[in-house]
Amino acid sequence: YALVHRDSTIPENLDDSRFIIRTPVERMAVYSSVHTGALNELGAISSVAAVTDAAYFPPSDTVSRLLAKGEIIDAGSSATPSMERLAAARAQVALRSPMQGITAGALPSSTVPVEMADYLETTPIGRAEWLLLLGELAGKRDSARRIFTDVIDRYSDIKFKASAASSPKPKVLTETEQSGTWYLAAGKSYAARMLADAGADYPWADTEGTGSLSLSIEKVAEKAIDADIWLIRTYGFTPTAAYLKSLNSRYATFKPVKTGNVYGCDSKVNRIFSDMAFHPDLVLAEYVAIFHPEVMPGYTLRYFSRQ
């Protein structure tokens, strides 16, 4: 990409393979609430002309209110957005998240695709750094740099507190079985890195890969039936211990269910995924407060609740 201020001339020596984007971008089509949230924080929500997957924006979100007023266009599904609605939005760029094996939908010829691959980063700070690109696109360079610098400072401080904790590292299990498969973060992944930075003993920390491991409940039990803490993220409900037992009676044999150390997060009402992208410091603080509460006195959980 070549980002050229709208008041500047386009350099003559630019490679023809580059997409030219005039900044600040005035009209964007945004495919993820993660990125609309960041634009809102930068004070650039007015540049969002269209979104996809509108149903997933909670009622309290600024985007939901703007959708209701007709100030933002619902462009349909992120996998197959409506060409007509995107054209009606007159979006100059489309911020898309390229998913493996999924072909992105077509765009109007006047719309430049910007592939937001921040979720592929393997470190929390590496992912948060994509805020700088959003700042450049929105004409909010100084704000983006200030926010990013603050995130680095806070994340480093919280990580240090976790490393200095007097309590032992708790063995931490995450998520649940889905249709016969338990998906867990591989050892070199972003999620595993955050657990390590928070002072957790993650049973699969030594595995290779940056994506997910696909395991059976038996394989998970071999390493984590004696876990100290179980973190579960859901959508639209909170996973109580009773609910877990109703899903699979074998969950009752896991130590966190017996000891009451299951922590659930309903991502429909909690911004954990949006905050994890550009404010990993906030999520790290939550983890440390759960794993080593003595180093986070007075902290009130904002994402998870003990079940």
Open item on the list: Give me the one-decimal nm value for the distance between modelled label points at residue 3 and residue 259, 7 Å along each residue's Cα-to-Cβ direction.
Closed with: 4.6 nm
Task: Gain in span if fully extended, residue 84 to residue 115, counting 0.36 nm per residue against the direct Cα distance - done: 9.1 nm
Task: Local net charge near residue 281, Cβ-Cβ under 13 Å (Lys/Arg +1, Asp/Glu -1) - done: -1
Task: Value of [θ]222 nm, deg cm²/dmol, for the chain, DSSP H segments ≥ 4, -39500 (n - 2.57) each, nearest 500 - done: -9500 deg cm²/dmol
Task: At R0 = 22 Å, FRET efficiency that the Cβ-Cβ distance of residue 156 and residue 294 yields, to 0.05 - done: 0.65
Open item on the list: Within the stretch 1-148, what whole-number % of the accessible surface is contributed by carbon and sulfur, with the 1.4 Å probe and all protein chains included in the calculation?
Closed with: 49 percent
- [ ] Counting only heavy atoms of the protein chains, get the accessible area per residue of the stretch 154-259 (1.4 Å probe) and round it to a whole Å² value.
- [x] 50 Å²
Open item on the list: Please list, in order along the stretch 291-307, the HN-Hα scalar couplings obtained from phi with the Karplus expression 6.51 cos²θ - 1.76 cosθ + 1.60 (θ = phi - 60°), rounded to whole Hz, x for Gly and Pro.
Closed with: 7, 9, x, 5, 9, 10, x, x, 6, 10, 4, 10, 10, 9, 9, 6, 9
Open item on the list: How much accessible area per residue does the stretch 1-100 have, counting only protein heavy atoms and a probe of 1.4 Å, in square angstrom?
Closed with: 54 Å²
Task: HN-Hα J in Hz across the stretch 62-72 - Karplus 6.51, -1.76, 1.60, θ = phi - 60°, x for Gly and Pro - done: 4, 4, 4, 5, 6, 5, 5, 7, x, 7, 10
Open item on the list: Under the rule of at least 5 residues apart or a separate chain, name every residue whose amide H is placed under 5 Å from the amide H of residue 23.
Closed with: 4, 5, 6
TODO: Determine the relative contact order of the stretch 203-307: mean sequence separation of Cα pairs under 8 Å and six or more apart, normalised by residue count, in whole percent.
DONE: 27 percent
Open item on the list: Less than 13 Å from a label point 7 Å out along the Cα-to-Cβ axis of residue 141: which backbone N atoms in the stretch 1-25 qualify, by residue?
Closed with: 3-8, 23-24
TODO: Just grab the label-to-label distance for residue 305 and residue 188, each label 7 Å out from Cα along the Cβ direction, in nm (one decimal).
DONE: 3.9 nm
Open item on the list: Test of understanding: what is the full-extension gain from residue 27 to residue 269, defined as 0.36 nm times their sequence separation minus their Cα-Cα distance?
Closed with: 84.4 nm
Task: Contact order relative to length of the chain, as percent, for alpha carbon pairs under 8 angstrom and 6 or more apart - done: 15 percent
Task: Estimated FRET transfer efficiency (residue 106, residue 65; beta-carbon r; R0 35 Å; 0.05) - done: 0.75
Open item on the list: Filter 159/268; 140/169; 245/268 down to the pairs with a C-alpha to C-alpha distance above 32 Å, please.
Closed with: 140/169
TODO: Go through [x] 21.2, 68; [y] 22.7, 72; [z] 20.3, 65 and flag the label whose value is the computed Rg and Dmax of the Cα atoms in Å for this structure.
DONE: [x]
TODO: Using 0.36 nm per residue of separation minus the Cα-Cα distance, give me the extension gain between residue 167 and residue 248 in nm, one decimal.
DONE: 26.0 nm
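The values are calculated or read from the model by the stated rules, or taken from the named source; none is laboratory data. Keep in mind it's a predicted model, so treat the numbers as computed, not measured. Don't worry about glycine lacking a Cβ; one is built from the backbone with ideal geometry, like all the others, and counts go over all protein chains shown. These accessible areas exclude ligands, DNA and RNA; they are computed on the full protein's heavy atoms, side chains included. Shrake-Rupley method; radii C 1.70, N 1.55, O 1.52, S 1.80 Å.
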